[in-house]
Amino acid sequence: SSIPGIHFINCAISSHFSIVLASSEDSVYMFDLTSGFLLRILKVKSRINLIKFCETNDFIVLCESNVIHVLDTHFSEYNSIELDDPVTSLSVCDSVLWFQQPPFVTGHESGKVIIWTLDMDSVEEEVEENSDGSRILKKKINKKELAKPFEVPVVAIEQIHDYTDVICMNGDGEAVVISNQSGHKRVLKLSQFENCTSCGCKLDMSTSVICS
């Protein structure tokens, strides 16, 4: 750690904003990427397990186990969401397209996939006072349960194809693609995976998908 006595657990880097976020047990630290100088500190109630930048739409998503925080790049909170179903994975899209209601997706312990949209035009009535006396208007965050592809936790998730598709995976190695677009390509048959792509040996699909 660059701060004596602080053990960092997670981090994320934004090359666009030239900043680094690193989380400890009770705080999130923002550093300048070039100089390493500490810029800001945000106190949190519990450990931040997941951190993502949306560099196109200029916001940050932090996930505690049961709370999602959406912040701007100055650590001012757009809004926070409390959940009963713990968050196990998180993705923001790497698209270069700017959206008025940019989405991010979360995978959950129950196996659900939820898509959230940050409404940049909508402002909730509740406001917060910053330490400098300025007021931050909270943005509305819309929730939509996209699917429940698994009965076990979603351990990895990614938004792809300019926000149109989501690919997610569970701890058993099962993967699912969720899309709002019509399929135009045929899914490969299981027979396409009968032989190892490296050596050509026959695979036993009941025991392994990796050549011995």
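Observations on the structure shown:
- In region 143-172, the residues that are on the phi < 0 side of the Ramachandran plot form Cβ pairs under 9 Å with partners that are of a type in the set (Phe, Trp, Tyr) and in a strand (DSSP E or B), at six or more places apart or across chains, as follows: 143/116; 144/116; 159/104.
- Residues considered: 68, 41, 60. Of these, the only one that is aliphatic (A, V, I, L, M), touching a residue at least 12 places away in the same chain (Cβ under 8 Å) and open to solvent by 50 Å² or more (accessible area, probe 1.4 Å) is 41.
- Checking every residue in region 34-42 against the condition of being at pLDDT 90 or above and polar (S, T, N, Q) gives at least one match.
- Residue check, residue 79 under 16 Å from the mean Cα position of the chain (by Cα) and under 18 Å from residue 26 (Cβ atoms): no
- Between 77, 82, the distinction of being open to solvent by 10 Å² or more (accessible area, probe 1.4 Å), closer than 24 Å to residue 152 by Cβ and either out of contact with any Lys or Arg (no Cβ under 6 Å at 6 or more places or on another chain) or of a type in the set (A, V, I, L, M) (or both) belongs to 82 only.
- Residue check, residue 127 modelled with pLDDT under 85, outside any loop (DSSP other than H, G, I, E, B), surrounded by fewer than 13 Cβ atoms within 10 Å (Cβ to Cβ) and aliphatic (A, V, I, L, M): yes
- Test set (1) open to solvent by 30 Å² or more (accessible area, probe 1.4 Å); (2) closer than 21 Å to residue 155 by Cα; (3) hydrophobic (A, V, I, L, M, F, W, C) - residue 97 fails condition number: (2)
The values are calculated or read from the model by the stated rules, or taken from the named source; none is laboratory data. If you're wondering where the values come from, they're calculated on a predicted model, not measured in any experiment. In this analysis, Cβ positions are derived from the backbone assuming ideal geometry, glycine residues included, and neighbour counts consider all displayed protein chains. Areas reflect the complete protein model, heavy atoms only, side chains present, ligands, DNA and RNA absent. Shrake-Rupley method; radii C 1.70, N 1.55, O 1.52, S 1.80 Å.
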